[in-house]
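Quick notes on the structure that follows.
What follows is calculated from the coordinates using simple rules that are stated; it is not laboratory data. Because the structure is predicted, anything quoted here is derived from the model rather than measured. Here Cβ is always computed from backbone atoms with ideal geometry, including for glycine, and neighbour counts include all displayed protein chains.
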Number of protein chains: 2
Amino acid sequence: MFTEQEKEALYKIIYTRRDVRTFLSDAIPEETLMKLLNAAHHGPSVGFMQPWNFILISDDKGKERLAWAADKERRALAIHYEGARQDEFLSLKIEGIKQAPLTICITCDPTRGGSHVLGRNSIPETDMLSTACAIQNMWLAATAEGLAMGWVSFYKKSDIRDILGIPPHIEPIALLSVGYTEHYPSMPILESANWEKRRALKDLIFNESWGNPIV
Amino acid sequence: MFTEQEKEALYKIIYTRRDVRTFLSDAIPEETLMKLLNAAHHGPSVGFMQPWNFILISDDKGKERLAWAADKERRALAIHYEGARQDEFLSLKIEGIKQAPLTICITCDPTRGGSHVLGRNSIPETDMLSTACAIQNMWLAATAEGLAMGWVSFYKKSDIRDILGIPPHIEPIALLSVGYTEHYPSMPILESANWEKRRALKDLIFNESWGNPIV
């Protein structure tokens, strides 16, 4: 059983968590880093397969190569936006990888646990969904520890595999920049940049079947 | 900034969270349910697309049809296991859907936010990963509220679409049984059933590149 204070702590952490793009160079204490990774490792996984690995990149050379891959993809993506939307897109910061003292590449091994992992036999992508749950645990732990985290999702997976020596059957699920920051946003960056608005929760809930509104 | 107590609360909730399969029939207070859904809605999402919807199924008829779809898939999956492993598989409980007062089907709409969602333009499955992060927020909130949750991943998506009237382009990501329980497991059910063991975290961490152990 949890106390009111414990419940409130969880909600406060959930509501405070942000995707952060600017970092200080200060190193992360090893003990704190292990708490983050242990939180991730206690995420749920389909058939208890624990499909994740964590590659820790703190070397400048490695971070620069990852930043190069992300920037290349960013320039390619920019071509799909036109006019003011392209300017807005290009103004979004992505230097986070180089600034942050640490990048964590979290991967998913679809072969772990053998050929007939419980549940994954029915829905194969549950291994990736499990890995995302692990990321969310890590993100909340980072928030609680006063750390900032940014999920980089601009890259070609083959570039990341080449840079980090990841075997072809392993999925690089996310590049996560982690570090301290002076600018912890109070609302999502894409909301304050007028890129997207938060939707009303009520409109997202259906009663008994799709499209049937709640009262 | 978070206090030591707040940090500890988060880790305690993360370590306590379990996938639960047996439920009491007691209803969930509406206020508590809204807290769970609001926690999910504050998950991160690629390009802030918030691709999720929540279908609440509390009607017995709806739950029975979902349980039928899950049981059908369970019997099909059992054929892939042989001998003792098949007996073990069939002994795992899946009556949770019928027992729990509520099933939440969480879906992902890949068309939300238009044709060029930031980040998803690069890695399309980031919409599903976002939805999984929302599920993890909801799961932690349920744990903190003294509720049990079980993620059902045995079904054919087309059955779930038929039963709940979900349009063909929308992904049913998970069926989540939610309710109170008398049997909150202290370790993962699949661990106590000797189906799988928890891996050593240290072996899952690599330094700078794949396969390079940490000291």
Chain A: relative contact order as a whole-number percent, Cα under 8 Å and 6+ apart | 33 percent
How large is ³J(HN,Hα), in whole Hz, for each residue of the stretch B:175-182 in order, when computed from phi with the Karplus curve 6.51 cos²θ - 1.76 cosθ + 1.60 and θ = phi - 60°, using x for Gly and Pro?
-> 9, 10, 7, 9, x, 7, 9, 9
Quick calc: nm separation of the 7 Å Cα→Cβ label points for A:THR32 and B:LYS61 -> 5.6 nm
Ranked packing of A:35-45, A:108-118, most packed first, by mean Cβ within 10 Å | A:35-45, A:108-118
Among residues other than B:ARG198 whose Cβ falls under 15 Å from its Cβ, what is the net charge (Lys/Arg +1, Asp/Glu -1)?
-> +2
Length gained, B:HIS116-B:HIS169, 0.36 nm per residue minus C-alpha separation, equals 17.4 nm
Divide by every residue of chain A the summed helix terms, -39500 (n - 2.57) for each DSSP H run of at least 4, and state the resulting mean residue ellipticity at 222 nm, rounded to the nearest 500 deg cm²/dmol.
-> -12500 deg cm²/dmol
Determine ³J(HN,Hα), in whole Hz, for all residues of the stretch B:113-121 in sequence, where each value follows from phi through the Karplus function 6.51 cos²θ - 1.76 cosθ + 1.60 and θ = phi - 60°; x replaces Gly and Pro.
-> x, x, 7, 10, 5, 3, x, 5, 4
Which ordering of A:ASP26, B:ASP127 is given by a fewest-first count of other beta-carbon atoms within 10 Å?
-> A:ASP26, B:ASP127
Links that overshoot a 29 Å alpha carbon limit, given the list A:LYS202/B:LYS157; B:LYS35/B:LYS197; A:LYS202/B:LYS98; A:LYS72/B:LYS35; A:LYS12/A:LYS197; A:LYS12/A:LYS202 = B:LYS35/B:LYS197; A:LYS72/B:LYS35
Local net charge near B:SER158, Cβ-Cβ under 14 Å (Lys/Arg +1, Asp/Glu -1) = +1
Plugging the Kirkwood radius over Cα pairs into Stokes-Einstein for the protein assembly as shown, at a temperature of 25 °C and a viscosity of 0.890 mPa s, what D comes out in µm²/s?
-> 112 µm²/s
Provide the convex hull volume over Cα atoms per residue for the stretch B:19-196, in Å³.
-> 126 Å³
Within the stretch A:174-214, what residues put their amide N at less than 19 Å from the label point 7 Å along the Cα-to-Cβ vector of A:ALA84?
-> A:190-198
Can you pull out the GluC sites (Glu not before Pro) in the stretch B:112-215 that DSSP calls coil and that have at most 11 other Cβ atoms within 10 Å?
-> B:GLU182
Virtual spin-label span in nm between A:LEU92 and B:GLU8, 7 Å along Cα→Cβ = 4.0 nm
Would you mind giving the mean number of other chain beta-carbons within 10 Å of the Cβ of each residue in A:15-23, as a whole number?
-> 2
For the stretch A:148-190 and the stretch A:42-59, distance of Cα centres in Å | 14 Å
By the scheme Lys and Arg +1, Asp and Glu -1, what is the net charge of all other residues having a beta-carbon under 10 Å from that of A:LYS7?
-> -2
Neighbour-count ranking for B:SER122, A:SER130, A:SER192, B:SER209 (other C-beta within 10 angstrom, fewest to most) reads A:SER192, B:SER209, B:SER122, A:SER130
